[in-house]
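To start, the structure itself, in structure tokens.
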Amino acid sequence: MPSQRGSARRRQRGVLLAGIAILLLALVLAAVLASALTRGKKEESLEPLRWQGRGTTRNLREIVLGRCYGYLAERRAELGDKDCLKIWESLKDAFIHKNPCNATTEDYQPLMKLASHPIPCNKENFLTSLSIIYCTLYLISQSLFWSKTNDLVHLYTKSSRRFLTLEDTFLGYMFDGISWCGDPSAPGINYESCPKWSECEGNPGSVFWKMASKMFAEAACGVVQVMLNGSIETGAFRSSSIFGSVEILNLNPDKVSEVQIWLMHDIGGPQSESCSGYSIKKLKNILEERNFKITCEDNYRPVQLLQCVHNPDHPDCSLCTNSTEAP
Ligand code: APR
């Protein structure tokens with residue numbers, strides 16, 4: 001009898017141990033499964049959308065704030081009070097956490113308002129201006145537009161303060177050459193990639209630069225210039241460019257009296273188009289229809305001299321060279 005009771009107790013203990021072991025195994029399996037599932041979900045939400053363009057510029061905040069304070073340090077008198085922190089916040093609010101193909105002009109309206117300032121015309125305004133504070137670089141500058149001459153045009157405006165491109169204004173200066181876009185996943189900014197302009201129309205860069213270019217063109221007055229690239233095979237003027245599709249359409253014929261075209265060629269490079277070329281004729285027609293006076297000059301000499309800094313021995317850089325004028 002005692003041996004029968006002992007074996008029954010052993011069996012009971014065995015069943016109990018087996019039950020505990022099964023329970024423990026089930027718990028471990030459940031934990032492993034749960035962790036695998038949550039890790040999968042986390043990885044999914046951390047993965048930013050993929051685009052073909054370069055991602056948001058690293059240290060965007062610091063760059064924007066640095067440029068903002070730097071510009072104000074030089075030209076606060078012309079700009080009045082500007083709040084750099086608010087400017088950064090309004091840029092961030094315009095794109096953070098958003099799908100970068102859904103940018104709208106409404107997103108950037110607050111930023112434009114905070115960073116905008118009067119862009120003065122040349123002499124007429126200068127004479128009628130009552131405030132001595134306005135007798136500054138801005139007021140005696142002429143608006144200079146450009147297309148496919150980014151480096152050259154800015155080399156020129158750095159050496160001749162008579163001319164002002166969008167990128168020399170407060171708004172254009174702060175955002176020139178940097179990239180930004182949002183992403184629905186955390187942290188809301190995509191540093192890996194952003195849409196190229198060709199990928200979707202409503203991308204942050206395209207929406208921002210079109211708005212800024214429109215404002216810049218609307219403000220232009222007096223005689224304005226545009227520097228185009230005559231070494232481009234597909235033509236110096238493209239109606240799909242920002243200059244062709246936004247700026248010329250927003251020049252005000254009541255304020256702008258004349259448009260001067262400077263058609264630059266790379267020194268020693270192809271002379272694909274001159275002032276009598278096809279795309280320039282197209283541009284002249286558009287401008288004439290809008291009642292602007294137009295002139296065109298091949299290789300505007302002051303700018304060519306800057307190109308000659310890198311090519312001093314080229315025949316085009318000899319002191320006896322004449323540029324051709326074709327109004
Ligand atoms: N993808 C990315 N960036 C682009 C694209 C694009 N498809 N097209 C234009 N950009 C941006 C780039 O930053 C480039 O340096 O616009 C700049 C100018 O492009 P261009 O084709 O050289 O010229 P355009 O489109 O005519 O724009 C220049 O707009 O920025 C204003 O006032 C400025 O007159 C100037 C004009």
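All of the numbers you see were taken from the coordinates with simple rules; none came from a lab. For clarity, every value in this text was computed on a predicted model and none was experimentally measured. Cβ coordinates were reconstructed from backbone atoms using ideal geometry, including for glycine residues, and neighbour counts include every protein chain displayed.
Okay, here's what the table says:
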read-out: Residue, farthest from the ligand (Cβ to nearest atom), within the stretch 199-229, restricted to residues that are in contact with a strand residue (DSSP E or B) (Cβ under 8 Å, 6 or more places away or on another chain) and more than 25 Å from Ser141 (Cβ to Cβ); value: Pro204
read-out: Residue match in the stretch 233-244 (condition: within 21 Å of Asp107 (Cβ to Cβ) and within 11 Å of the ligand (Cβ to nearest atom)); value: yes
read-out: Tabulated pairs, the stretch 93-109, first closer than 9 Å to Val207 by Cβ, second β-branched (Val, Ile, Thr), C-beta under 8 angstrom, 6+ apart or interchain; value: Ala103/Val207; Thr104/Val207; Thr105/Val207; Asp107/Val207; Tyr108/Val207
read-out: Residue within the stretch 251-261 that is farther than 25 Å from Ala212 by Cα and either among the basic types (Lys, Arg) or touching a residue at least 60 places away in the same chain (Cβ under 8 Å) (or both) present; value: no
read-out: Verdict on Lys282 being within 22 Å of Asp151 (Cα to Cα) and within 16 Å of the ligand (Cβ to nearest atom); value: no
read-out: Tally, over the stretch 169-196, of residues that are without any contact (Cβ under 8 Å) to a residue 60 or more places away in the chain and either in contact with a Gly (Cβ under 9 Å, 6 or more places away or on another chain) or surrounded by fewer than 21 Cβ atoms within 10 Å (Cβ to Cβ) (or both); value: 4
read-out: In the stretch 245-277, the residues that are within 22 Å of Gln307 (Cβ to Cβ), more than 15 Å from the ligand (Cβ to nearest atom) and of a type outside the set (Gly, Ala, Ser); value: His265, Ile267, Pro270, Gln271, Glu273, Cys275
read-out: Residue match in the stretch 315-327 (condition: free of Cβ contacts under 8 Å to residues at least 12 places away in the same chain and either in a helix (DSSP H, G or I) or of a type in the set (Lys, Arg) (or both)); value: yes
